[in-house]
Amino acid sequence: MNDIGLALRSELCAERDRLIAAFSTGAPVERLLRGLARCVDRALAGLARSQGLTRRAAVIAVGGYGRGELFPHSDVDVLIVVPQDADADELGAVEQLVGRLWDLGLHVGHSVRTVAECREQAAHDVTVLTSMIEARRIAGPQDLFNQFVSSVSETIDPQQFFREKILEQQQRHLKFQEAAYSLEPNCKESPGGLRDLHTLLWVARAARLGTSWTELIAGGLLTAEEGRWLRRNERTLRQLRARLHVAAGRREDRLLFDVQGAIAEAEGLAPTATRRASEVLMQRYYRAAKMVTQLNTIVLQNIEERLFPRPDPRPEPVDETFVARGEMLDIVDDRAFDRDPNGLLRGFLVLQQRPDLTGMTARLLRALWHARFLINDAFRRDRRNRQTFVDILRQPRGIVHGLRRMNEWSVLGRYLPVFRRIVGQMQHDLFHVYTVDQHILQVIRNLRRFTMAEYAHEYPLCSQLVAEFDRHWLLYVAALFHDIAKGRGGDHSELGSRDARVFCRQHGIRGEDAALVEFLVEQHLTMSQVAQKQDIADPEVVGRFARLVGNERRLTALYLLTVADIRGTSPRVWTSWKGKLLEDLFRMTRRRLGGEALPATAVLEKRTADARRTLDLYGISAAAHEPLWQQLDVVYIMRNSAREIAWHTRTLLAHVNTDRAIVRSRLAATGDAVEVLIYVRDQKDLFARVCGYFDSRNLSILDARIHTTRHGYALDSFLATDHGRTDHRELLAQINKQLADWIEAVTPLPPPVKGRLSRHSRHFPVAPNVTLAAGERGSQYLLSITTTDRIGLLYSITRVLATHDVNVHTAKINTLGERVEDVFLIDGAALADERGQARLERDLLEAISP
């Protein structure tokens, strides 16, 4: 680079730094974007002239740069239009210009075409055409630029362009499906992002309806109020994107956890008593995106009506407020909601009741948007409005779509102020991937699918139960309130149950129905916690849970809500193993509630009898299995099912007194995990050693049952998964051979390796917690550990337990996204006094801390 280039680069960098510094201290974002574009304009024009390029070639800004705005790390899109007879020297000068632009530190996207080539490309590629319709001359002959603009304009078919941009938007929204409300949205491409605003101006420009919000207002496509809201939210999105580029130091359009805190600080946002500053920031983004989505829908429908005028279908009266126009619901006139505020809710009910209607007209949506402020305290107290809302929940069709549409148009949050508080509320618990409002709607959607025959294959038991459940719409009410108190501080289940109680009282839900809704909201986490953290093979555990739920109707409702809730958190959280635990707990509790409260001896007798019947099918007599069964005690039988006892027995018949380690594995009934049986003379640190093997193979332990026979053998069973990475047959063979060798090679336990935390976990870690509580059997203790998941965590825990000579009897390994909630039943001499317990807790905390 020569001295001129160095000076130009230095000048460009200084101007860029000055603009960013001014923005960081409060200058408007528009000044930053225009200023960055202007300083690149000057550099580009100067270089083009110095190359002698501007005599016959036109240097043109296209794309976002053509709009006259550049974000700090955006690409600089340049089109160089050359004459038809451009010679080699001129084309060489173009290449030199591009090279010098890169030398200046600009990220250049360039193309070189003649006017004829521009016309050809624009006619066949809507993306190229889109970038060209925002073209702006930087340098070169004005006549050539005018020829280019005229030629490209002649290729525009406004109707075809509209269709293609609508399809493009739909595909983009599908690609970023629900990403507007994911925890790391793309502020440019996600639904409600800047690209949705660009699309409005592109189709308006192509249709010659306007090139700015001011012109769209003048043309009647926007009202003045809508224009104000569009500008306000456009400014919010631009400001966030600019802050994002500055904080990330690169082109980055995703609002990543890594930078949310820095952006919030730059915006001057402070944390509240219950929310981080980043959560305040993101709620501001989500609400801006929601408003953009609303106005994008209204304006596109208005443009479509201009471009595709159709004979106005004869209106079919629906009631005094609504008419049907073809397949769309409309209002009788623009003042309809002023006369009939109940129509703000009833319109959604009409769409549910009229399957021939597919949506709302632009006029109705616009009226709905402007009239949303009519939903006030007096509106909420009106009995007719309350009844209409309940009717929406009780309809046989369209419930999820209706509630989503109500949320999209801000009607749901206006009617339920407690819901409005959680619109755009983030959840930093490492397993929810949606904002609270979107999670709640996902849970209602899951419950709704249980009622639909076309989805019966997904969860047959849930479909069967909901079909027999009277007034299942009460489940939707419970789902609506189950997480509604998040972000307030305190127990959200308890606070939410109070909100649900008020709602039921106000909406005429009485007696047992109201009690059921309140119970479900307050206890919506209980069934999952019992199934995943307690030993559900223990009749006492099932008995306590049965006493809590009280009756079969509540049990069924809680089971349905729990399945729908877990499935609505994240695709990663639900597993068939968790599904099996919940189903097993449901079935056992239902038997208990039905009067099948057998004494412990009867449970033992039934379980061993069932195991004997299974062994009989394999031709194994009582005399054959007696040597092993004489070594098994009551605890073993209570912790294992008849199916598992029979498998263990068949496997170990010939190895009761073996000197070798016996390892056998099989595919679990759920199909996505393997059951592993280990039988060996008991040895010190065996549990930690086995966990070390699973850790070395990157296998996750889901469940562990540790047992010592009367004659001193360890009879341990594990449930493990590699999350589908390996063919199961290959995995089973590897475990059988490798784990046996691993156990027999008795070597000192290697030090644990603290695996790296994920990016999400680093920014929103779970506070490590260790709780030790005396169990019901005196000498045994329940050890509960909560922390952030990482590779090697379980081995680190079990190694500490081994160091303290603590024995593990059962282990419940529960991972929710990246949050670990493990429970161990333990005993050992180290637990005999408070000092030993304190040392164990201290060492465990050190081991699990990131």
### Query
Karplus couplings for the stretch 46-57 from phi (6.51 cos²θ - 1.76 cosθ + 1.60, θ = phi - 60°), rounded to Hz, Gly and Pro as x?
x, 5, 4, 5, 5, 7, x, 8, 7, 5, 10, 10
### Message
Given the -39500 (n - 2.57) contribution per DSSP H run of 4+ residues, what per-residue ellipticity at 222 nm results for the chain, rounded to the nearest 500 deg cm²/dmol?
### Response
-17500 deg cm²/dmol
#### Entry: Within straight-line cross-link reach of LYS165, aspartates and glutamates at Cα separation under 17 Å, skipping those fewer than 8 residues along the same chain
ASP125, GLU134, ASP157, GLU189, ASP196, GLU304, GLU305
### Query
Using the beta-carbon distance between ARG710 and THR358 and R0 = 56 Å, what value does 1/(1 + (r/R0)^6) give for FRET efficiency, to the nearest 0.05?
0.20
### Task
With the full set of protein chains in place, find how many percent of the accessible area of the stretch 406-495 is carbon and sulfur; take the probe as 1.4 Å.
49
### Task
Just grab the label-to-label distance for HIS457 and ASP470, each label 7 Å out from Cα along the Cβ direction, in nm (one decimal).
3.4
### Accessible surface of the stretch 28-74, 1.4 Å probe, proportion on carbon and sulfur as whole %
47
### Summary
From the cross-link list LYS578/LYS812; LYS533/LYS580; LYS580/LYS812; LYS606/LYS812; LYS188/LYS290; LYS486/LYS533, the entries with a Cα-Cα span beyond 19 Å are LYS606/LYS812; LYS486/LYS533
### Query
Taking only C-alpha pairs under 8 Å that are 6+ residues apart, what is the relative contact order of the chain in percent?
7
### Message
Binning at 10 angstrom from zero up to the longest distance, how are the C-alpha pair distances of the stretch 5-101 distributed in percent?
### Response
15, 43, 29, 10, 2, 0
### Summary
If each K or R counts +1 and each D or E counts -1, the residues other than ASP741 whose Cβ falls under 14 Å of its Cβ total +3
### Message
Can you compute 3J(HN,Hα) from phi for each residue in the stretch 439-446, using the Karplus curve 6.51 cos²θ - 1.76 cosθ + 1.60 with θ = phi - 60°, rounded to whole Hz and x for Gly and Pro?
### Response
4, 4, 5, 5, 5, 4, 4, 5
#### Entry: Probe 1.4 Å, protein heavy atoms only - accessible area per residue of the chain in square angstrom
43
#### Entry: Two-site label geometry, HIS401 and ASP319: point separation in nm, points 7 Å out along Cα→Cβ
2.0
### Query
How big is the accessible area of LYS188 in square angstrom, nearest 10, if you roll a 1.4 angstrom probe over the protein chains?
20
### Message
Quick check: from the Cα gyration tensor, does the stretch 663-744 come out rounded (a/c under 1.5), prolate or oblate?
### Response
prolate
### Query
Going by average Cβ neighbours within 10 Å, how do the peptides 835-847, 122-134 rank, with the highest at the top?
122-134, 835-847
### Query
Is the stretch 624-701 best put as rounded, prolate or oblate by its Cα gyration tensor, with a ≥ b ≥ c the root eigenvalues, rounded for a/c under 1.5, and otherwise prolate when a/b is larger than b/c, oblate when not?
oblate
### Task
Could you state the angle between the C-alpha long axis of helix 115-124 and the longest principal axis of the C-alpha atoms of the chain, as a value from 0 to 90 degrees rounded to the nearest 10?
40
### Message
Could you compute how much accessible surface THR526 exposes when probed at 1.4 Å, giving the result in Å² to the nearest 10?
### Response
20
### Query
Among LEU447, LEU412, PHE389, whose Cα lies farthest out toward the positive end of the dipole of the stretch 367-453, if unit charges sit on the beta carbon of Lys, Arg (+1) and Asp, Glu (-1)?
PHE389
### Query
Tally Lys and Arg at +1 and Asp and Glu at -1 over the other residues with C-beta under 15 Å from the C-beta of ASP143: what net charge comes out?
+3
### Query
For the stretch 70-141, rounded, prolate or oblate, judged on the Cα gyration tensor with a ≥ b ≥ c (square roots of eigenvalues), a/c < 1.5 rounded, else prolate if a/b > b/c?
oblate
#### Entry: Loop-located trypsin sites (Lys or Arg not before Pro) in the stretch 679-739 whose Cβ has at most 11 other Cβ within 10 Å (DSSP)
LYS684, ARG710, ARG725
### Query
With axes computed from alpha carbons, what is the tilt in degrees of helix 383-394 against the longest principal axis of the chain, rounded to the nearest 10 within 0 to 90?
70
### Query
Taking the Cα atoms only, what angle lies between the long axis of helix 492-506 and the longest principal axis of the chain, rounded to 10 degrees?
70
### Task
Would you kindly state how much longer the chain becomes between THR214 and GLU11 on full extension, computed as 0.36 nm times their sequence separation minus their alpha carbon distance, in nm to one decimal?
69.6 nm
### Query
Roughly how big is the stretch 462-511's charge dipole about its Cα centre, with Cβ charges of +1 (Lys, Arg) and -1 (Asp, Glu), in debye to the nearest 20?
240
### Query
Remind me, relative contact order of the stretch 312-431 in percent, using alpha carbon pairs under 8 angstrom and six or more residues apart?
22
### Summary
So the carbon and sulfur contribution to the accessible area of the stretch 247-329, 1.4 Å probe, in percent, is 49
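The values are calculated or read from the model by the stated rules, or taken from the named source; none is laboratory data. Just so it is clear, the model here is predicted, and its values are computed rather than measured. FYI the Cβ positions are ideal-geometry reconstructions off the backbone, even for glycines, and counts take in every protein chain you see. Calculation scope for accessible area: heavy atoms of the full protein, side chains included, ligands and nucleic acids excluded. Shrake-Rupley method; radii C 1.70, N 1.55, O 1.52, S 1.80 Å.
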